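Worksheet: one structure, shown below.
The values are calculated or read from the model by the stated rules, or taken from the named source; none is laboratory data. Predicted, not measured: the structure shown is a model, and the values here were computed from it. Cβ coordinates were reconstructed from backbone atoms using ideal geometry, including for glycine residues, and neighbour counts include every protein chain displayed.
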Amino acid sequence: MNRIICIIGLLFFGDLPAMAVSFNDEIRPIFADRCFACHGPDSVTRKANLRLDREEIAKSVLEESGSVAIIPGNPRQSEILDRITSKDPDKVMPPPESKMSVSDKEAALIERWIAEGAKWERHWAFIPPVKSPLKIGNSNWPRNAIDDYILDRLRAEELAPSPIADREHLLRRLSFDLTGLPPSIPELDAFLADEMERAYENAVNRLLASPAFGERLALEWLDVARYGDTDGLFEDHPRSIYLWRDWVVSAFNDNLPYSDFISWQLAGDLLPEASDEQKIATGFLRNNPTSNEGGLIEEDYRVKYLVDRVNTTATAFLGLTMECAQCHDHKFDPMTQRNYYEFAGFFNSLIGRGNSKGATAPTLTILPPGHGEKLTELDGKIVALETELNSTPKQLIADFERWLEKLERPIQWHIPQVISDSRPKKVHTKDSAAARPSDVRGRYLRISLPTSQVGFITLSEVEVYSGGQNIARRGIASQSSDYSVGSRAAMAIDGNANGTFSSCSCTTEQKDAWWEVDFGNEAPIDHIAVFNRNDCCPERLDNVSITVLDATRRLIAERKIGDAPFRSNFTLNPDAPALESISRDYVLTLAPQPGVLAALAFSSSHSSLLDSAKLELISAIGKSRELKLTGGVKRKFNADKSAVVELEKVVTLSRGDRLKISLVGDDVRIQTTDDLTAAEREIIPHEREKRLNHFRSNWPGFAKIRSRLEVAKKAKSALQAGGAVSMIAADAKKMLPTHVLIRGEYGKPGELVKPAAWQLELVKTSER
């Protein structure tokens, strides 16, 4: 409900008393230009505790000197006049070093103002306009009161009114003004043929009734409300918020009251029994540019969106530019930084992420006519089917018990013979130079930013070869910080070097960031390969240092990356086999045991990756066909946890058949089984009730019901897909605390404030 309170403040904001303007027109500009830098709202630069932007302080006794800057009616006793007219360089204001001065004419103007009583006036923007007296001449040219003002100004400039426009031009101007479109030929002909006295008024009414009228006015408001059909930042994804645009058009065409126009846009979702139309109107608060850039800080951007909403609301409805008060008390308008964040409190708890893409929640789906009833029917059907799937018939229990018995039996695994291995063979002889180990021996490999540099370290993969083996794979990785749970240090030694961020390690943006792998013991190091991210931001590895440290962390070797490519290779042992000859990806051909093949298990002495993009069965006569595995393409495994993968369809192997599979990893061990529960055992829980639920979800007796449920859900999705989606505003269930942000920085919360609208006549600028 806080946003509703905000609206009340907006609707009555302009109800302010009228005041004279002499101070604003002539005196305040001098003070603002020459004085406010040292005697204004900024407490950091303020001198002598004097403020000339505040009447009560400017006319009060100063503690330091005992003088008074401005004494109404007494310019000679007013310190300000003495200072601006002084010839003493130690006394004159502004001081000589400022390179500014008050002219004799300006000093005389200030003197006359003080002599007249130093009448202070509110900021010009908050003084309601006063109707000027109408000057009616003896001319027949004016047709309304506005024409009288125009004629008066024309005479002052010694100009005569233009002749009356012909009907063609008149209709053209009218049409452009009201619809933004030229009149059509039939419309022009009809207007020229209309000889009735009210032909012009009839044309006005016709254009006002046109849908184009609302579209013309909506264009202005869409610009004010920063409307866009895309996110506006980073990859600029499309967003669905056009229903709000259409609502604005309808609001103008339907002549929606201005009070509703405000309240629906700012808090339509909070109104009692809010309609879909009122919720759609809150799209005003969702028009802000958003970003889904991977490196952004969530809270930083959430605050950026909050600031955008505050500033836009103030500009659109109040005619205020509040941006300055985000970081400090406003230097020109009568508001404090506290006022700004009190106002921001109305919007601080809106649901929304800093990292957002497209039509993000909350959204509202508007279904075509008749679809709502169909959707209700489908929802009922889905509930009934799901209830049936959660039942426990007697046959299910009997099958479940037999399944449990089968689970108690150990899986019979078979180790197939390796027929061929595509990895190059490494030949070492006593006399060969290749057999000589590297002189560079290390236990740690560290990658770090240049000293004192702030940035990220993002790595797709790091490989360290010793004797042809990638020893980084069996190491333990660490880094200075984790950007996220999914970008921990181990992601850089998992065997996946595809370069996408989802497979990378990444630190947060920080000073002296580093990444490191510990091999467990010292080993001779032949080659180092560093794989960069390739979907974004490759420059993060520019100029990083790669160092090899021994067990005592003494520096053994160092290499630097300049302009970072996707892959950086460094050879520390020139006698070792070339890095390019070391294969990461290889193919194994196996001779499995004849019989049923249901699943395969992969294990290794250290972390490896299964790439099962192509598993082939080659018959004894050389005929090949692909075997598909369930559960995705890539699986990680090691010595402690094997990767058990079942085939989508069980196959029967004959004598002479071969299996061909592509792998990434070292010392991979492959086993086969005919047990249909092998893969399932990897995921089933241990508790009986949970096992029963698992079995129920896969029980063949419910196959038809599951099929019917899938059909119903697809039908529901199809119905919903036919609806129009619009981004709307909604508050979180728990209101977020709002703090004054020191210098506007999201990471520096200051005073805790509550949502509040302020009265300008009661504003007291901060004394901080």
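Does Ile110 satisfy the condition of being under 23 Å from Pro334 (Cα atoms) and either under 54 Å from the mean Cα position of the chain (by Cα) or surrounded by 15 or more Cβ atoms within 10 Å (Cβ to Cβ) (or both)? Give the steps one after another, and end with the answer.
Values: under 23 Å from Pro334 (Cα atoms): yes; either under 54 Å from the mean Cα position of the chain (by Cα) or surrounded by 15 or more Cβ atoms within 10 Å (Cβ to Cβ) (or both): yes.
Taking the combined requirement at face value, the residue satisfies it.
Does Ile70 satisfy the criteria of being out of contact with any Asp or Glu (no Cβ under 7 Å at 6 or more places or on another chain) and in a helix (DSSP H, G or I)?
no
Consider Ala115 against the criteria (1) surrounded by fewer than 13 Cβ atoms within 10 Å (Cβ to Cβ); (2) in contact with a Gly (Cβ under 7 Å, 6 or more places away or on another chain); (3) not aromatic (Phe, Trp, Tyr): it satisfies all of them except one. Which criterion is unmet?
Among (1) surrounded by fewer than 13 Cβ atoms within 10 Å (Cβ to Cβ); (2) in contact with a Gly (Cβ under 7 Å, 6 or more places away or on another chain); (3) not aromatic (Phe, Trp, Tyr), Ala115 violates only (1).
List the strands (runs of 3 or more DSSP E) inside the range 653-768, counting only whole elements, that have at least 1 residues being at pLDDT 90 or above, of a type in the set (D, E, K, R) and within 30 Å of Arg474 (Cα to Cα).
658-664
Confirm whether Arg245 is among the basic types (Lys, Arg), in contact with a Leu (Cβ under 6 Å, 6 or more places away or on another chain), part of a helix (DSSP H, G or I) and at pLDDT 95 or above.
no
In the set Glu299, Glu342, Glu293, which member is of a type in the set (Asp, Glu) and modelled with pLDDT under 90?
Working: Glu299 fails: modelled with pLDDT under 90; Glu342 fails: modelled with pLDDT under 90.
Going through Glu299, Glu342, Glu293 in turn, the sole match is Glu293.
Identify the residue in the range 417-453 that is surrounded by fewer than 15 Cβ atoms within 10 Å (Cβ to Cβ) and in a helix (DSSP H, G or I) and, among all such residues, is modelled with the highest pLDDT.
Applying the filter and picking the extreme gives Ala435.
Return the pairs, sorted by first residue and then second, in which the second residue is polar (S, T, N, Q), the first residue lies in the range 326-340 and is closer than 13 Å to Gly40 by Cβ, the beta carbons are less than 7 Å apart, and the residues are 6+ apart or on different chains.
Every condition considered, the pairs that remain are His328/Gln337; Asp329/Thr336; Asp329/Gln337; Asp329/Thr765; Asp329/Ser766.
Conditions tested, residue by residue: (1) closer than 30 Å to Asp53 by Cα; (2) assigned by TED's automatic domain parsing to the domain that holds Trp244; (3) of a type in the set (A, V, I, L, M); (4) surrounded by fewer than 21 Cβ atoms within 10 Å (Cβ to Cβ).
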site: Ala281; (1), (2), (3), (4): no, yes, yes, no
site: Arg309; (1), (2), (3), (4): yes, yes, no, no
site: Thr313; (1), (2), (3), (4): yes, yes, no, no
site: Leu318; (1), (2), (3), (4): yes, yes, yes, yes
site: His330; (1), (2), (3), (4): yes, yes, no, no
site: Asp333; (1), (2), (3), (4): yes, yes, no, yes
site: Tyr340; (1), (2), (3), (4): yes, yes, no, no
site: Phe346; (1), (2), (3), (4): yes, yes, no, no
site: Ala361; (1), (2), (3), (4): no, yes, yes, yes
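Would you mind finding the one in Glu26, Glu97, Glu106 that is in contact with a helix residue (DSSP H, G or I) (Cβ under 8 Å, 6 or more places away or on another chain), at pLDDT 90 or above and either in the same structural domain as Phe332 (by TED's automatic domain parsing) or of a type in the set (Asp, Glu) (or both)?
Every option except Glu106 fails the conditions.
Taking the stated definitions as given, is Glu299 assigned to a helix (DSSP H, G or I) and surrounded by fewer than 16 Cβ atoms within 10 Å (Cβ to Cβ)?
Here the answer is yes, as Glu299 does meet what is asked.
Restricting to the range 539-558, name every residue that is surrounded by fewer than 17 Cβ atoms within 10 Å (Cβ to Cβ) and under 30 Å from Ser502 (Cβ atoms).
Glu539, Asp542, Asn543, Ser545
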